1. For residue A:93 and residue B:63, what does the FRET efficiency come to when R0 = 45 Å and r is the distance between their Cβ atoms, rounded to the nearest 0.05?
2. Considering chain B as a Gaussian network with a 10 Å cut-off on Cα pairs, which listed residue, B:56, B:210, B:75, attains the greatest mean-square fluctuation?
3. Could you compute the FRET efficiency for residue B:221 and residue B:95, with r as their C-beta to C-beta distance and R0 at 25 Å, rounded to 0.05?
4. For residue A:2 and residue B:245, what does the FRET efficiency come to when R0 = 30 Å and r is the distance between their Cβ atoms, rounded to the nearest 0.05?
5. Treating only the Cα positions of the range A:2-76 as identical point scatterers, give the base-10 log of I(q)/I(0) from the Debye formula at each q in 0.12, 0.21, 0.25, 0.27 Å⁻¹.
6. How many partner chain Cβ atoms sit within 10 Å of a residue's Cβ in peptide A:153-159, on average, as a whole number?
7. Could you work out, residue by residue across B:40-49, how many beta carbons of other chains sit within 10 Å of that residue's beta carbon, and then give the average as an integer?
8. Run the helix sum for the protein assembly as shown: -39,500 (n - 2.57) per DSSP H stretch of 4+ residues, divided by residue count, reported at 222 nm to the nearest 500 deg cm²/dmol.
């Protein structure tokens, strides 16, 4: 029974991106079964501080445990801070198939970490509707639909906190990018 | 945190949380008013990050300052004089250039702040800061891109950005003033002196202004003060009334 419930918790889908699991996303940080108490202890970490999906994930964990006749004890942990580097290879492929470009390495965002001037290298001056230029070091994701590597950013802030909005310069389709964090 | 009762610095932390919450409220007021749909989403996402930071700080304060308050108690059941945010964040939404000037300064300040707090003696504050730092880098990048684009843009956009930095100038000094709570928090190793963040934030803004071909605005003759002591400007009362209306009219409401 313990094995079943633990596997079921691992397989809980992310509420906003249902093609990946909380384990694949890397937000499941601890999972233990206390047989004596009939309790499953789950440690999760938010992707972003204000991620509105956290409550839904806690509810899903409680529901899954209840279905196995067990109680869930969910702890939220902030450190170490979540990074997109924790998204596993299968989930990255699932994201791509779902139409979301997977993130590059966390250091590839082209943003400076702390102190010092900000690099605001604008390559070609963007046209209205594409506010953000790109720092030269930034990872450029391929279009998840046609595979072209000629893509440009429309906005660093997309449909959810964890995504940016991009457009393919070849097929013309807009697409979400899971942005490196 | 081990020595909770003696070293806990609630007043200092509430100032940080209030800055984040009140600015998140102002950014939220851009929804449907931003010049582009993408900006509606961007400003809402930045607002959401700030709400998350405020929630983490409020939850921590409530659990450790001996009051047992929840995050909602702290956000919705304090009166204006109990809010410790700076005047910068409570000013009403102006034009988009003003918002980008404000966001550039605030995110440049927050980046220095959270980078420094990542070395706090307080483990939970370290965790909150390390997480928030990653988010603030994106806010700073966003504001920087727009300031460069508008400052080095058309005559109209340039004129607006010049006016925007003149507008924001009197609200900057307060970010870097060492009040009693921050001095105590810094002395305990929990917090950091606001004055120590000034040079880094100014260098950041100066770099963006240079890239935007804008001159630094003249130093203003007056500057805002008193926010950390609960003394606010007139718009703050209206903001609080709007923000707190629902839980105060319907205590305990949930959905």
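Throughout, read-outs are computed from the coordinates displayed, never taken from laboratory work. Note that the structure is predicted; figures quoted are calculated from it, not measured. Reconstructed Cβ throughout: ideal geometry from the backbone, glycine too, with neighbour counts over all protein chains shown.
1. Details: r = 41 Å, r/R0 = 0.90.
The pair residue A:93/residue B:63 has a calculated efficiency of 0.65.
2. B:210
3. Details: r = 23 Å, r/R0 = 0.93.
With R0 = 25 Å, the Cβ-Cβ based efficiency is 0.60.
4. On the way: r = 48 Å, r/R0 = 1.60.
With R0 = 30 Å, the Cβ-Cβ based efficiency is 0.05.
5. -0.28, -0.85, -1.19, -1.37
6. On the way: counts 1, 2, 9, 9, 14, 4, 2.
Counting other chains' Cβ atoms within 10 Å and averaging over A:153-159 gives 6.
7. Details: counts 2, 7, 8, 1, 2, 12, 4, 1, 8, 6.
That works out to 5 on average.
8. Details: 15 runs with 202 residues, N = 436.
The helix contribution divided over the protein assembly as shown gives -15000 deg cm²/dmol.
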